[in-house]
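Dropping a structure here in structure tokens format, bear with me for questions.
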Amino acid sequence: MRPILLQGHERSLTQLKFNLEGDLLFSCSKDHIVNAWFSHNGERLGTYDGHNGTVWTLDVDSQSKFLVSGSADNTLRLWSVSTGKCLYTWEFPTAVKRVSFSDDDQQVVCITEQRMGHQGAVRVFQINRDGDGSDQPSKPLHMFNPIGSKATVCAFTYTPNLIVTGHESGKVALFDVTTGDEVLNNERAHMDVVTDMQLSTDKTYFITSSKDKTARLHDTKTLRVLKTFTTETPLNSAALDPFRPYVLLGGGQEAMQVTTTSLRQGKFETRFWHKVFEEEIGRVKGHFGPINTIAVHPGGSSYASGGEDGYVRVHHYDETYSKAKPYGDLVIEN
Amino acid sequence: MAELHHAPRYTEDLDFSDILTKYQIQHDDGFDNIVVVDGVPVIDNSKLDKLLSKITKEFSKKGIYIKQDEIHVPWDKCVGKSKGFIFINLRNAEDTSLSLTAMHGHAFDARHQFKINRFVDVERYVQLNETYLDPPMEDYHTKEHLRSWLADPLGRDQYVTYRGEDVEIRWHGKSSQSGVSYSKKAWTELYVSWSPQGTYLATIYRQGVRLWGGPSWEHQQRFAHPLVKLIDFSPCEQYLVTWSHDPINVPANLPQGPEFFSPEDEGNHIAVWDVKTGHLLRTFPSASLVFDDSLKKQMQWPALKWSADDKFVARITPGQHISVYELPTMGLHGKKSLKIESVVDFEWCPHGDKDKDEGRFQGSKGRKLEENMLAYWTPEVANQPARVTLLTFPGRTILRQKNLFNVTECKLFWQNHGDFLCVKVDRHTKTKKSTFCNLEIFRVREKDFPVEVVELKDTVNDFAWEPRGERFAIITSADSNLGSSNAGTVKTDISFYQLDPVKNDFKLLRVLPSRTSNTIRWSPRGRHIVLATVGSSTKSELEFWDMDFFSEERREGQAAKEDWAGGIQHLGSADHYGVTDVEWDPSGRFLATSASAWRHTLENGYAIWDFRGQEIEKHLVDRFKQLIWRPRPHSLLTQEQKREVRRKLREYGRSFDEEDAAEESSISAELVGHRKRLVDEWNTWRARCRQEVAEEQHSRIRLALCREESKEEIEEWIDEVIDQTEEVVD
């Protein structure tokens, strides 16, 4: 499983995303740049230039037509995937920490940071898919300020207008975006900041990672914790394998403590855990800084990890990976 | 108005009697101040005034002031004389109790002695029921067996772990048999400690020390020493020494009794307790405070050193004397200390199996079993060479003395059975520029205590005798970094030595050069040894060695002497990042390494290895602090019985092998079943999810359809005539 090293960023990675077909991989970084790559060979398709600060987050729609990215320059930008042109820019008082497309590509949800007297906000924008895309409504369709702990991550669920959020306190909650009401919450989902959240293919369950050194699987409907994966290091990202019953976890010592730990001890490895048995089954080494983000190919043939070290590593699984049956002939539903 | 009238009547109707009886004030019957003084001379009227003035004077001497008219003298009218007792009305109840303590038994004159009683007591004793009643028999509570863990049918060992606030007692056996035996939150506030034979677990709180034991970990004993920091058991765990940084302070309301400090203990730091009764035996000031400040080193702990049989405990006053106290009275033995000019350090000789089994001492005829032995050393002072001395106690006869020159520092290492004493002598060259090391080894079991010398060029960082063996291992280093405290890793060499029984000297077996190890850990049963790099941030290697790889028989003493170093075999290496503590289990089969949060916060947790260096279990636990194996007491088997067991090992082993095989198959079946259950659970949940999602989508589509249907399309055709022109067509 020789990885492809993508050396297109000068600073640490913040988020990775495959498009629906999995032929393209998008990456954003603290060096203000968003990159698009061919996932099969690691060739760079192009860059999306324009942001003036750390690009914290991105998402791509299911048709690979539009890309949205949120940045510390307080803007949310809509890009044309194929031309690299910035189609529209929304300005906010604070940085954008998380964006996500809805299933039907019609809406985008974004979280802006709570800073300098401005409350953290969740906004939902209607995306006008007609024409060249440069004609977008400037006002959000819905907007609300979640009270209590700051929201750090969010995503649409399979129910329209219902989003799931992860918070700084470790809370996981469901919000109705039309009213801004908290429909349901699990205050004790994690003991520390929720750092990443990725939904399953049918969005009925999702995985969260947290600084409390655990990753957890939650039921979207009830927010019940289904599984817990306890590691020995703070986690920055967690991803689900779409076909095999594994989850991928990444993290490492805090960036500030990295200098005092040796490479082997930094825990800068991608860990594979069995989703149902809650057992670790393997690790993939490579990064020499904490892993900030992990994305799995929608076809399950590869995965990519982006680290604090500024590199993206794309791993195409060997044939043996799909053939191996470490637990015998157990049929496990996705 | 009507209501107001009604109210008082209502209260009158109430029956308060129950409340009245409950809150009734116990009226002082006023006799508390009165004492009855018996044993007063019988006098006639003429001497009354004289007597009364004498009595008031006697009382006032003790601080009790009474007026003469407060004394009532009962008079026998028939005889015209007093009845020989008087009543005194004192000022208050405090005077009453004072008079009881001060004047009771007071000799008034040669023939009369005061007997003082409270007036109310007299009343009570008169009314006392005269018929004898059997005291109720207290139910007999069977105490739990304090050594029950030794009877574990699986023969497992226990260890205690302390993490965060939780203390856990865990079993260690085969992986299926390991697990938590007992756990308790906030069981200790500082740390936990086993007694030396594993009977008790000591936990430390602000208020003092508590001991626990038995299968259900019942509370066994408590020692109230506020802010206690360090504790130390005597070798036979009969006594406990505690130390607190804060001097003992006896508040006025402290309960009195043999278990508590009394005012004369005030200001002391060290306390000695009896474990069984919980009584305080004696307190001492901290040694470092008495000693002059110029030489203020780190306090030595244990501050009190116990002889191996718990009969004596000794305390050193550096430079002056060693004070030996006898147990259980804690009196200074022979009423005087061992005056030794400029003494620096001493150690008691441990007792070995030979002492115990044979009941008497062989070899050197100078020492009987009843005699303990201690070794001490004195540095070079004014024309006198440095000196190491072996001394019997309580005989106080000097057995052997050895003079040493150019000595900077000595350290005494007894072999754990008291067969050898190694004195590690750090020496300096004449110019005092460089230091080197000598090992002076006293063969204590032989006649006249011969001394062998091993000369080394480097400094010795660590020294360790093989338990019950004739071998030792040392770590030497020529590295100049040594000494600097932050040096994480220092290049070291490890050497093994063994006594050559023919030449009677210690021979170098093998050197392992260029290591980083700084810790030697012999297995408690000898033979196996672990070299570890502890407390370093970059290196954390563990090396497992076997000293008798080929010759099983060597320890029986019939070894082939030709291949000395042939049996030394490297078994394995391992790595435990950030290891801070390394400890063998009492059976010498397993090794526990731990990374304690007391030292650093990286990857705290512990691992257990077998003697070959194979990892058995590893747990990374946040805020992990401590792991200690539960010690085992000495074996009750004699040497012959042990030999017998060893001979029949194969026979015994067969049944265990069968058990193992049976268990293994049951475990794997269990695991497969467990996994199957998990998978089934997951799959049913997924099926339910899928159904729910499908239903929801269905309903959403239906809703959308309905909405479309409800939108009636009304097409209106409006014809509007804009203009009408008529043209005549031809």
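Of everything in segment A:312-334 that's more than 14 Å from chain B (Cβ to nearest Cβ) and either more than 20 Å from A:Gly22 (Cβ to Cβ) or free of Cβ contacts under 8 Å to residues at least 24 places away in the same chain (or both), which residue is least open to solvent (accessible area, probe 1.4 Å)?
A:Ala324
Please work out if A:Ile281 is part of a strand (DSSP E or B) and within 14 Å of chain B (Cβ to nearest Cβ).
yes
Related question: Has segment A:172-186 got any residue that is of a type in the set (Gly, Ala, Ser), surrounded by fewer than 21 Cβ atoms within 10 Å (Cβ to Cβ) and over 15 Å from A:Cys154 (Cβ atoms)?
No; the residues of segment A:172-186 include none that is of a type in the set (Gly, Ala, Ser), surrounded by fewer than 21 Cβ atoms within 10 Å (Cβ to Cβ) and over 15 Å from A:Cys154 (Cβ atoms).
Still on this structure, please answer the following. Given the condition surrounded by 13 or more Cβ atoms within 10 Å (Cβ to Cβ) and on the phi > 0 side of the Ramachandran plot, answer yes or no: does some residue in segment B:251-258 qualify?
There is no residue in segment B:251-258 that is surrounded by 13 or more Cβ atoms within 10 Å (Cβ to Cβ) and on the phi > 0 side of the Ramachandran plot.
To continue, here is another question. In segment B:619-657, what count of residues is obtained for those that are within 14 Å of another protein chain (Cβ to nearest Cβ), free of Cβ contacts under 8 Å to residues at least 40 places away in the same chain and not aliphatic (A, V, I, L, M)?
1
Further question on the same structure: For segment B:170-195, name all the residues that are open to solvent by 50 Å² or more (accessible area, probe 1.4 Å) and touching a residue at least 60 places away in the same chain (Cβ under 8 Å).
Those that are open to solvent by 50 Å² or more (accessible area, probe 1.4 Å) and touching a residue at least 60 places away in the same chain (Cβ under 8 Å): B:Lys174, B:Ser175, B:Ser176.
Kindly provide the set of residues from segment B:36-67 that are in contact with a Ser or Thr (Cβ under 9 Å, 6 or more places away or on another chain), under 15 Å from B:Gln113 (Cα atoms) and buried (at least 18 other Cβ atoms within 10 Å of the Cβ), ordered by number.
Hits for segment B:36-67 are B:Val37, B:Val40, B:Leu51, B:Phe59.
Checking B:Glu681 against (1) open to solvent by 80 Å² or more (accessible area, probe 1.4 Å); (2) more than 14 Å from chain A (Cβ to nearest Cβ), which single condition isn't satisfied?
(2)
Cβ contacts < 9 Å: first residue under 16 Å from B:Met330 (Cα atoms) and among the small types (Gly, Ala, Ser), restricted to segment B:252-274; second residue open to solvent by 40 Å² or more (accessible area, probe 1.4 Å) and at pLDDT 85 or above, any location; separation 6+ or different chain. Result?
Correct list of pairs: B:Ala271/B:Leu281; B:Ala271/B:Arg282.
Looking only at residues in segment B:87-113 that are in contact with an Asp or Glu (Cβ under 7 Å, 6 or more places away or on another chain) and closer than 15 Å to B:Ile71 by Cα, which one is surrounded by the fewest Cβ atoms within 10 Å (Cβ to Cβ)?
B:Asn89
Would you pick out the residues in segment B:261-315 that are modelled with pLDDT of 85 or more and open to solvent by 60 Å² or more (accessible area, probe 1.4 Å)?
Selection gives B:Lys276, B:Thr277, B:His279, B:Arg282, B:Lys311.
While we're on this one: For segment A:207-234, enumerate the residues that are closer than 23 Å to A:Glu269 by Cβ, within 12 Å of chain B (Cβ to nearest Cβ) and not in a loop (DSSP other than H, G, I, E, B).
A:Thr214, A:Leu217, A:Lys227, A:Thr230 - these are the residues of segment A:207-234 that are closer than 23 Å to A:Glu269 by Cβ, within 12 Å of chain B (Cβ to nearest Cβ) and not in a loop (DSSP other than H, G, I, E, B).
Return the pair list, or none, for Cβ contacts closer than 6 Å from residues in segment B:658-677 that are within 14 Å of chain A (Cβ to nearest Cβ) and within 12 Å of B:Ser176 (Cβ to Cβ) to residues that are assigned to a helix (DSSP H, G or I) and among the charged types (D, E, K, R), at least 6 apart or on different chains.
Filtered contacts from segment B:658-677: no entries.
Sticking with this one: Tell me the strands (runs of 3 or more DSSP E) entirely within segment B:121-231 that contain at least 3 residues that are of a type in the set (A, V, I, L, M).
Per the criteria, B:201-204.
The values are calculated or read from the model by the stated rules, or taken from the named source; none is laboratory data. Computed from a prediction, not measured in an experiment: that's the story for all the values here. Note: ideal-geometry Cβ built from the backbone for every residue, glycine included; neighbour counts use all protein chains shown. To get the accessible areas, we keep the full protein, side chains included, count just its heavy atoms, and leave off ligands, DNA and RNA. Shrake-Rupley method; radii C 1.70, N 1.55, O 1.52, S 1.80 Å.
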